[in-house]
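Please read the structure below before turning to the comments.
The values are calculated or read from the model by the stated rules, or taken from the named source; none is laboratory data. Nothing here was measured: the structure is a model prediction, and the numbers come from that model. Cβ atoms come from the backbone with ideal geometry, glycine included; neighbour counts cover every protein chain shown.
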Amino acid sequence: MSLRASFIESTSPAFPSALRNGALLGSCSRIWAIGNIEILKARLLGFFCSAQCPGNAILQTYDLARALRDAGIPIIGGFHSSIEKECLELLLRGTPPVVICPPRGIEEMRLPASWRTLCAEGRLLVLSPFAPRHRRPTAALAEQRNRFAATLADEIFVAHAGAGSRTEQLCREIMAQGKQVYTFALPENRHLVQCGAIGQSVPDLVAGLRQRRL
């Protein structure tokens with residue numbers, strides 16, 4: 001395991017097979033990694049929460065982050081919005097493995113000391129499909145990053161996606177690829193449920209995730 005960014009070519013046996021079909025992501029011939037690449041062998045839950053989110057969904061998202069941490073569910077996400085960052089802090093206080101996908105290249109990225117410690121312990125993987133020249137996050141890179149994380153996830157949780165938003169469109173594309181999307185059973189998420197997402201409470205969602213990982 002390296003605490004420096006290393007790249008993995010698509011021809012390598014270590015390259016994730018989920019990235020080879022390109023259905024959501026398009027062409028991806030190389031990825032960069034810092035930390036424990038073996039985490040990608042776990043059944044990962046994609047974790048997404050948009051910056052624009054109803055208050056009741058925000059509170060349930062924090063509850064969910066704590067419950068996922070305590071249940072030992074491996075998580076992958078971008079953790080870029082303020083809500084996602086706070087949830088990441090909650091997740092990293094537990095023991096489950098976490099994959100963080102920044103919307104930028106990571107070869108010259110300075111990791112927080114806590115991240116480096118968790119990488120060394122094998123609990124954390126920082127992963128990116130972006131070349132080192134992409135040093136600053138952009139909206140376009142963030143959208144591509146979301147597709148990258150969703151491709152690597154086995155199932156997806158979305159706290160909220162506005163009707164007609166890019167996040168809703170991504171949810172539709174994910175479900176068209178045969179992956180299940182989960183959300184909170186809230187009136188604000190009715191449009192997501194109508195297009196195929198499963199709306200659940202925090203306890204029911206976590207119980208189902210845990211059962212599928214036994």
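Some points to look at:
- Cβ pairs under 8 Å, 6+ apart, first in the stretch 165-191 and within 22 Å of ASP204 (Cα to Cα), second of a type in the set (D, E, K, R): LYS179/ASP154; LYS179/GLU155; GLN180/GLU155; VAL181/GLU155; TYR182/GLU155; HIS191/GLU168
- Tabulated pairs, the stretch 107-130, first within 17 Å of TRP32 (Cα to Cα), second in a loop (DSSP other than H, G, I, E, B) and among the charged types (D, E, K, R), C-beta under 8 angstrom, 6+ apart or interchain: GLU108/ARG135; SER128/ARG104; PHE130/ARG104
- Answer residue from the stretch 20-72, given it is within 20 Å of ALA159 (Cβ to Cβ) and among the hydroxyl-bearing types (Ser, Thr, Tyr) and is modelled with the lowest pLDDT among those: SER50
- Any chance ASN146 is farther than 17 Å from ALA65 by Cβ, within 19 Å of the chain's Cα centre (by Cα) and surrounded by 14 or more Cβ atoms within 10 Å (Cβ to Cβ): yes
- Restricting the stretch 66-90 to residues that are surrounded by fewer than 24 Cβ atoms within 10 Å (Cβ to Cβ) and among the hydrophobic types (A, V, I, L, M, F, W, C), the residue that is farthest from GLU38 (Cα to Cα) is ILE83.
- Complete set of residues in the stretch 152-201 that are crowded, with 24+ Cβ neighbours inside 10 Å and in a helix (DSSP H, G or I): CYS171, ILE174, LEU192
Yes or no, residue by residue, for (1) at pLDDT 95 or above; (2) closer than 14 Å to CYS49 by Cα:
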| residue | (1), (2) |
| --- | --- |
| ALA139 | no, no |
| GLU143 | no, yes |
| GLU155 | yes, no |
| THR167 | no, yes |
| GLU173 | no, no |
| GLU188 | no, yes |
| GLN200 | yes, no |
| PRO203 | yes, no |
| GLY208 | yes, no |
